[in-house]
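In what follows, a structure is listed as structure tokens, so that the remarks can point back to it.
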Amino acid sequence: MTLLTQAPRTFMGVPFSRDPKGAKAAILGVPFDCGIHPFRIGSREGPDAIRDQSLLIRPYHPEFGDLNLPEALGLVDCGNVRLTPSRIEDAFAATEKAAAAILEAGAVPVGFGGDGSVSLPLVRAAAQKHPGLCVIHIDSHTDAYRPDPDHPLDASTQFTFAALEQRVSATLSYHLGLRGTTMVGGVHDHGRELGYNLITLRDYLRRGPETVAAEIRAAIGERPVYFSFDMDVFDPSCAPG
């Protein structure tokens, strides 16, 4: 039978495992989007799409260490969180629980969304394990908008709630790469009111990557970090999806 069937498709073909004990890092797919936009849905398909494309990734990079990073990390793929996208609070609870299980096993969860809102349950899990958590968020938007009273949880407010719930040290956290237009005013001001440090793409290019990296490194030091990036930080010509 082993010659007739294939194991589930995983990121870069790493082993599938529901028990990441012994691994340094573990993939966790979060097939979720809030579904509250009239036509911008579908990022719930992201985790499996990432896995499909990952089969084209080569594991070695001679210029940066020349090692097989998945192998060095003992990387495993834990599959996708069981959830129903339309049930936002239930989906967040399931995601937080799954991420917490990976952390308790001693591995770092590597979350694949899904829309940006999935950062909130992932941050909640990480903050329980690592008090004083800082955020490095690379995105064209802050995702720290003022919540809509009727629909407070969405893909623009996850870092608002991360700060309001005191899950992160906002004054030691950075939103990097901000650019472009927004649907409402006062977005950057609100992020700063929450305590976050904001670096626009214009500032980043003017100051240079080495200077910006040195500032962030000096501020955060050895504190635990939740690292996140949104694909729209790339120009649409590079990532049209």
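Derivation of every value follows stated rules applied to the coordinates shown; laboratory data play no part. Model, not experiment: these values are computed from the prediction. As a convention, Cβ positions derive from the backbone with ideal geometry for all residues, glycine included, and neighbour counts pool all protein chains shown.
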Taking Cα pairs closer than 8 Å and at least 6 residues apart, the relative contact order of segment 7-129 in percent is 41
Computed for segment 131-241: size of charge dipole around the Cα centre, +1 on C-beta of each Lys and Arg, -1 on C-beta of each Asp and Glu, debye to nearest 20, value 380
In debye to the nearest 20, the charge dipole size for segment 35-90, taken about the Cα centre with +1 at each Lys and Arg Cβ and -1 at each Asp and Glu Cβ, equals 280
Neighbours of residue 178 by Cβ distance under 15 Å: Lys/Arg at +1, Asp/Glu at -1, summed charge -2
Final fewest-first order of 231, 183 on the 10 Å Cβ neighbour count is 183, 231
Over segment 68-137, the quotient of the Cα radius of gyration and 2.2 N^0.38 Å is 1.14
One would report the Cα pair-distance distribution of segment 115-221, bin width 5 Å, in %, as 2, 12, 23, 25, 19, 12, 5, 1, 0
Once Lys and Arg are counted +1 and Asp and Glu -1 for all other residues with Cβ under 10 Å from that of residue 13, the total becomes +1
Here the relative contact order (percent) of the chain, from C-alpha pairs under 8 Å and at least 6 apart, is 19
Here, segment 1-146 modelled as identical Cα point scatterers in vacuum has Debye log10 I(q)/I(0) at q = 0.11, 0.13, 0.17 Å⁻¹ of -0.46, -0.64, -1.07
